[in-house]
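Take a look at the structure set out below.
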Amino acid sequence: MQFIANKFFSAKESYTQHAHIQKIMQDKILKLLPRNHFSHIFEFGAGTGIFTQKIIKNLTYEKLTCNDINDYAKSFAPHIQFLQFDINDISKHLDQQNFDLIISNACIQWLDQKKFFTNIQNFSPKDGILALGSFGESNLHEIATITKKSLKYLSLDHYRSLLQPQWKILHLFEEKIPLSFPTPLDAFKHLKLTGTNSLQQNFPLTKKHLQTLKEKFYNTLTYHPIYIIAKKS
């Protein structure tokens, strides 16, 4: 996870401006929630707080706790509790806490997802809400084809099996959103500025990579968002 943490920390100044798809996903997750008031909200993978600000604006709550693997505490107001730890190790850091909304966007695809869904159920009371944005198997397939590198994305059926029977699924669906760029180099820069790809920072980008993206994929990157809204059984 340290490689992932470093990628996002290095892109912290540019992420807000360039994370177009992630912002679309954030808005959709909030609209899908079955209610807008919660006692205690837990947002993990909060980063510098882009989604957090939307949560504050659109929801009401008694307490908001945010988490990230990097130390972004200075980005959050004093009334928001910020906890720095690897969400894969949540059981080591949160003891006997219940959150009636657990929410995150564009984070779980980086995790050991089987372990995550096993652990997270322990921190939600009955009827608590789980609201997640992730990415599916076709996400950035252009980059996977060109570089032979990709995250291990899951299908809707796989998510369904991870959720049941602990969670009643309220919404589980996917969409594909293409992003086109003026040049292939702009497309790769976009990935670097958002920290959202699986390439190492020193990945040797070649003319062949750029040429293939231009000639085969017309300087387009395809995002494959998945939306998960579930209620604890």
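Here is how the number arises for the chain: DSSP H runs of 4 or more residues each give -39500 (n - 2.57), the sum is divided by the residue count, and the result at 222 nm is -10000 deg cm²/dmol. Listed options for percent of Cα pairs over 31 Å apart are (i) 33; (ii) 21; (iii) 41. The value calculated from this structure is the one marked (ii).
Each listed q (0.12, 0.17, 0.20 Å⁻¹) maps to a log10 I(q)/I(0) for segment 68-134 from the Debye sum over equal C-alpha point scatterers, namely -0.32, -0.67, -0.94.
Across q = 0.24, 0.25 Å⁻¹, segment 147-233 modelled as identical point scatterers on its alpha-carbon atoms has Debye log10 I(q)/I(0) values of -1.19, -1.26, in the order of the q list. Over all other residues within a Cβ to Cβ distance under 14 Å of residue 77, the charged ones net out to +2, with Lys and Arg as +1 and Asp and Glu as -1. Between beta-carbons, use under 13 Å as the cut-off and find the net charge around residue 119, counting Lys and Arg +1, Asp and Glu -1. Neighbourhood net charge equals -1. Bridges between two residues of the chain, per DSSP, are antiparallel at a rate of about 50%.
For segment 68-79, the Karplus equation 6.51 cos²θ - 1.76 cosθ + 1.60, evaluated at θ = phi - 60°, returns couplings of 7, 6, 9, 8, 10, 3, 5, 7, 10, 5, x, 7 Hz by residue, with Gly and Pro reported as x.
In plain terms, the residue of 65, 212, 145 with the fewest other Cβ atoms within 10 Å comes first and the most crowded comes last, giving 145, 212, 65.
Were the residues from residue 81 through residue 233 laid out at 0.36 nm apart, the gain over their Cα-Cα distance would be 52.0 nm. Computed over all pairs of different Cα atoms, the Kirkwood value for the hydrodynamic radius of segment 12-110 is 14.0 Å.
Laboratory data are not the source of any read-out in this text; all were calculated from the coordinates shown. All figures in this text were calculated on a predicted structure; none of them were measured in a lab. Note: ideal-geometry Cβ built from the backbone for every residue, glycine included; neighbour counts use all protein chains shown.
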